[in-house]
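Engineer: First, the structure itself, so that you have it in front of you.
The values are calculated or read from the model by the stated rules, or taken from the named source; none is laboratory data. Predicted model, so just to flag it, every value in this text is computed and none were measured. Quick reminder, even Gly has a Cβ in these numbers, built from the backbone with ideal geometry, and neighbours come from all protein chains shown.
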Amino acid sequence: MAAADEASRPFAGLSDVSISEDIPVEGDISVPMGSSRRDDEFSTLDEPVKETILRDLRAVGNKFIHVLYPKRSSALLRDWDLWGPLLLCVTLALLLQGGAADSDDQGGPQFAEVFVIIWFGSIIITLNSKLLGGTISFFQSLCVLGYCIMPLTVAMAVCRIVLVGGSGPVSFGVRLVVVTASFGWSTFASTAFLADSQPPNRKALVVYPVFLFYFVIGWMVLTFSPSQ
Amino acid sequence: MASANDPFQFQEFEEAASLLEANRDATTITIDDEDNKPEKQRIAAGFTPDDDDEDRLASDDKAELLSGQKKSVPFWTFEYYQQFFDIETHHVKERIIGSVVPWPRKNFIHVYLRRNPDLYGPFWICTTLVFAIAISGNISTFLGKLGQPDYKYTPEFGKVTIAATAIFSYAWLVPLALWGFLLWRNNKAMNLVTYSFMEIICVYGYSLAIYIPAVFLWILPYEWLRWCSIMVALCLSGSVLVMTFWPAVRDDHPKVIIATMSAIVVLNALLAVGCKVYFFSKPEKLLPVEHAAPTTHSAATHST
């Protein structure tokens with residue numbers, strides 16, 4: 001007891017702290033078997049299908065919000081997915097259909113042409129930024145470029161609504177303003193994510209192809225003429 | 001003070017040099033700045049370093065890595081193409097300006113490329129030109145046919161493919177042919193100056209840069225303006241090309257020199273005029289006369 005008193009003197013202020021007897025203190029200091037615990041944590045096989053789909057939808061929706069308010073966050077980069085770009089690409093290509101009546105070779109872009117331009121263009125821009133020494137990965141860059149098409153898709157929807165009202169110079173002016181604003185928004189949003197991964201003396205070299213890409217898509221949106 | 005006996009005591013390490021004293025010849029990795037590659041290394045590798053890279057692969061990789069020089073990687077790896085994107089924004093700006101302003105004694109390849117040809121400029125200038133031609137052609141057709149009641153605007157998207165084929169084949173096949181031709185002449189008559197394939201592609205790519213503003217000028221429906229801008233652009237880019245390739249053929253037979261130079265200029269002119277004719281229609285200003293002419297013709301055929 002004397003030794004215990006000697007030992008406890010430096011901690012005299014804590015002498016009134018005690019654990020009452022009726023609270024059981026228990027625990028397990030053995031390391032649990034890794035395999036079964038890991039399966040429990042990451043196995044999504046037992047969850048309902050609705051849960052699985054909603055999780056992906058929530059991730060996609062989260063990224064849409066990031067594009068709407070582009071700030072320098074790494075969420076878009078870290079968990080990349082290509083569902084959003086695919087959704088946007090298909091929506092944009094479908095909205096660009098139903099154009100001029102003779103849609104053989106003098107008409108608007110075909111569905112396949114829009115697809116090829118968006119995906120091929122994104123791949124080339126990604127290759128370009130990687131060749132210039134960018135630190136962003138291939139699919140992260142595809143993800144960012146695809147998600148930043150969203151303002152232009154919204155502009156396409158707005159243009160089609162405006163065109164229902166008429167296709168005179170007034171509607172053209174409105175469409176021009178909308179497309180220009182969304183093109184600027186797309187370029188600004190994507191460079192906010194992409195430009196950080198480049199050394200500063202090559203930023204303009206990476207931003208220019210992105211500018212050209214969204215300019216061409218904006219041109220396709222602006223020149224959409226409905227069949228009458 | 002460092003105590004070698006106590007392993008838990010923090011130990012101050014001496015300079016790296018003294019540590020290496022024991023083994024001075026140890027292989028160390030040095031990260032070289034790409035721009036500082038010694039000239040003799042490039043010249044020693046042969047006049048066409050790109051071809052030789054593909055021939056001697058394994059032994060040269062090891063030798064060059066250990067000596068800290070620029071490595072020659074096989075052409076199917078990503079790093080091989082990365083060496084052609086080793087430029088900065090101001091380099092691209094300087095090269096574009098240099099391709100537009102022909103200076104009498106300045107050779108584009110020697111002054112601007114300095115043994116560092118890039119693929120960024122040629123590729124993106126060609127792409128921009130393709131879309132510029134398609135968009136400007138579309139706008140000029142629209143403006144030209146604005147008054148006609150039976151005209152329905154179409155985006156004419158198929159023309160992008162045609163423009164892309166024409167411009168990319170000019171920018172990549174003509175340099176290939178020219179390089180092959182120069183190589184063949186180099187075997188026959190020893191020229192002092194030879195250019196690598198990448199350098200020729202670079203020159204051709206940057207020489208197309210002047211056409212981008214010219215193409216946007218073609219939107220205005222004035223024929224004289226279009227032909228003037230073609231002439232100016234042709235003169236500028238043609239003279240840059242001629243002055244660049246003059247040193248490569250000047251020691252050759254005079255007929256060969258004339259043939260080469262005229263081929264370069266003629267192909268350039270063909271591209272410009274062909275694009276103008278195909279994508280930009282003549283403005284139809286004199287509508288009543290054109291309507292009258294067929295009727296007088298048909299009246300003449302009726303009467304005879």
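Engineer: Evaluate the following for A:T180: is it in contact with a helix residue (DSSP H, G or I) (Cβ under 9 Å, 6 or more places away or on another chain) and farther than 15 Å from A:V206 by Cβ?
Structural biologist: Considered against the rule, which asks whether it is in contact with a helix residue (DSSP H, G or I) (Cβ under 9 Å, 6 or more places away or on another chain) and farther than 15 Å from A:V206 by Cβ, A:T180 comes out as yes.
Engineer: Here's something else I'd like to know. Hey, among A:V179, A:V207, A:V144, which residue is surrounded by fewer than 22 Cβ atoms within 10 Å (Cβ to Cβ) and in a helix (DSSP H, G or I)?
Structural biologist: After applying the criteria, what remains is A:V207.
Engineer: May I pose another question? Can you tell me how many residues within the stretch A:128-141 are buried (at least 16 other Cβ atoms within 10 Å of the Cβ) and either over 19 Å from the mean Cα position of the chain (by Cα) or in a helix (DSSP H, G or I) (or both)?
Structural biologist: Going through the stretch A:128-141 one residue at a time, the tally reaches 7.
Engineer: Here is a follow-up. Please go through the stretch B:123-133 and pick out each residue that is hydroxyl-bearing (S, T, Y) and away from chain A (no Cβ under 11 Å).
Structural biologist: Those that are hydroxyl-bearing (S, T, Y) and away from chain A (no Cβ under 11 Å): none in the stretch B:123-133.
Engineer: Out of the stretch B:134-150, which residues are within 31 Å of the chain's Cα centre (by Cα), within 13 Å of chain A (Cβ to nearest Cβ) and over 14 Å from A:F215 (Cα atoms)?
Structural biologist: B:G137, B:N138, B:I139, B:T141
Engineer: Hey, another quick one. Has the stretch B:84-106 got any residue that is more than 14 Å from chain A (Cβ to nearest Cβ), more than 22 Å from B:C235 (Cα to Cα), at pLDDT below 80 and exposed (fewer than 14 other Cβ atoms within 10 Å of the Cβ)?
Structural biologist: Within the stretch B:84-106 (the criterion being more than 14 Å from chain A (Cβ to nearest Cβ), more than 22 Å from B:C235 (Cα to Cα), at pLDDT below 80 and exposed (fewer than 14 other Cβ atoms within 10 Å of the Cβ)), the answer is no, since none of the residues qualifies.
Engineer: Based on what the data block shows, is A:G121 small (G, A, S), in contact with a Pro (Cβ under 9 Å, 6 or more places away or on another chain) and within 10 Å of chain B (Cβ to nearest Cβ)?
Structural biologist: yes
Engineer: Can you tell me which residues in the stretch A:212-223 are within 10 Å of chain B (Cβ to nearest Cβ) and farther than 15 Å from B:F123 by Cα?
Structural biologist: Across the stretch A:212-223, the qualifying residues are A:F215, A:V216, A:W219, A:M220, A:L222, A:T223.
Engineer: Of a type in the set (V, I, T) and in contact (Cβ under 8 Å) with a residue 40 or more places away in the chain: which single residue out of B:I201, B:I257 fits that description?
Structural biologist: Exactly one of B:I201, B:I257 is of a type in the set (V, I, T) and in contact (Cβ under 8 Å) with a residue 40 or more places away in the chain, namely B:I201.
Engineer: So, in the stretch A:182-202, how many residues would count as being buried (at least 18 other Cβ atoms within 10 Å of the Cβ), over 24 Å from A:G165 (Cβ atoms) and without any contact (Cβ under 8 Å) to a residue 40 or more places away in the chain?
Structural biologist: Looking only at that region, the number is 4.
Engineer: Of all the residues that make up the stretch B:151-206, how many are part of a loop (DSSP other than H, G, I, E, B) and within 14 Å of chain A (Cβ to nearest Cβ)?
Structural biologist: 7
Engineer: Within the stretch A:100-109, take every residue that is at the interface with another protein chain (Cβ under 8 Å from one of its Cβ atoms) and surrounded by 14 or more Cβ atoms within 10 Å (Cβ to Cβ) and give me the one that is modelled with the highest pLDDT.
Structural biologist: A:P109
Engineer: Hey, another quick one. Quick check on my filter: what residues within the stretch A:130-145 are in contact with a helix residue (DSSP H, G or I) (Cβ under 6 Å, 6 or more places away or on another chain) and within 10 Å of chain B (Cβ to nearest Cβ)?
Structural biologist: A:L131, A:L132
Engineer: Going by the structure shown, is A:L152 away from every other protein chain (no Cβ under 13 Å), assigned to a helix (DSSP H, G or I) and under 22 Å from the mean Cα position of the chain (by Cα)?
Structural biologist: yes
Engineer: Does any residue of the stretch A:170-182 turn out to be of a type outside the set (G, A, S) and at the interface with chain B (Cβ under 10 Å from one of its Cβ atoms)?
Structural biologist: no
Engineer: Kindly establish whether A:P226 is within 11 Å of another protein chain (Cβ to nearest Cβ) and under 21 Å from A:I136 (Cβ atoms).
Structural biologist: no
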